[in-house]
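FYI, it's all coordinate maths here, none of it is from the lab. Bear in mind that the values here come from a model prediction, so they are computed numbers and not experimental data. Quick reminder, even Gly has a Cβ in these numbers, built from the backbone with ideal geometry, and neighbours come from all protein chains shown.
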Amino acid sequence: MRIGVLAVQGAFIEHRRMMESLGTECVEIRQKKDLDGIDGLILPGGESTVQGKLLRDLGLFKEVQRLIAEGLPVLATCAGLILLAEHLEADDTTHLGTLPVTVKRNAYGRQLGSFVTRENVGSLEDYPLVFIRAPYIAEASDEVRVLATVDDHIVGVEYQNQIGLAFHPEMTEDCRIHQYFLSKIVK
C-alpha cells in the first residue's frame, strides 16, 4: 500500500512518520507525477489558503479533486478539512469542495486558544484531540456520518471515501485514526 501526503505546506512530515511507523510506504506529494500509484491521500493541517493556492499553482488541484471524486480514500486534518469542504462559513472561498459540509475557520480562536481534550471518535474510545487554531463543522449534510463532537460542535466526519477532522491526530502518539484510514483502503 502506498499513501501520498500533500507536502506543499503544513504538518505533512508528522503524518508521514505516523504512516511509516505503521509499516506503510509513504510518498510526499509535491507535483502531479507524485500522485501516480497512490492508494490513499492525506491532506495535512497548515494554512488552507496557502495550500489551496499551491495546489493550483503546482498543477495538482484538478487531479487531486478528480481522484477524490472517483473514490480515492482521503484523510484530511484541520486545514485539509477546509480544503475538502463544500462551503466555508462567512467566506465565498471553495477549494476542492468534495465534502458536503460547511466549515467555520479558526473557530477556536488564535494560537493561544489551542487545546487538547479526549473524546470518542467513531468507535475509537478516549482519543486525544489536539486543536491548533482549529476549525469546526458548522453544518453537515444528512449523508455525512458524524465521528466526533466537542462542546456540541462537529469536529470529525466521514463521508464515502473521505474522513475530515478539525483536530491533529498526527500530533499524538495514538495511531488508531491512521490505522482506521488504512483499514478503509484495504476494504
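Placing dummy labels 7 Å off each Cα toward the beta-carbon, the span from Lys184 to Arg17 is 2.4 nm. Each Lys or Arg adds one and each Asp or Glu subtracts one; over the other residues with Cβ under 14 Å from the Cβ of Gln31, this totals 0. Among Ser114, Ser21, sorting on how many other beta-carbon atoms sit within 10 Å of each Cβ, with the fewest leading, yields Ser21, Ser114. Peptides 137-145, 3-11, 45-53 ordered by packing proxy, namely the average of other Cβ atoms within 10 Å per residue, highest first: 3-11, 45-53, 137-145. Between beta-carbons, use under 10 Å as the cut-off and find the net charge around Leu99, counting Lys and Arg +1, Asp and Glu -1. Once all neighbours under 10 Å are counted, the net charge is -2. Of the trypsin sites (Lys or Arg not before Pro) found in the stretch 59-137, those in coil by DSSP whose Cβ has at most 16 other Cβ atoms within 10 Å are Arg110.
Report the local net charge at Glu63: Lys and Arg +1, Asp and Glu -1, summed over other residues whose C-beta lies under 15 Å from its C-beta. Every neighbour counted, the sum reads +2. Rounded to the nearest 500, the helix-only mean residue ellipticity at 222 nm of the chain stands at -7000 deg cm²/dmol, with each DSSP H run of n ≥ 4 adding -39,500 (n - 2.57). The order of His168, His15, going from fewest to most other C-beta atoms within 10 Å of their C-beta, is His168, His15. Between the alpha-carbon centres of the stretch 18-40 and the stretch 127-168 there is a gap of 24 Å.
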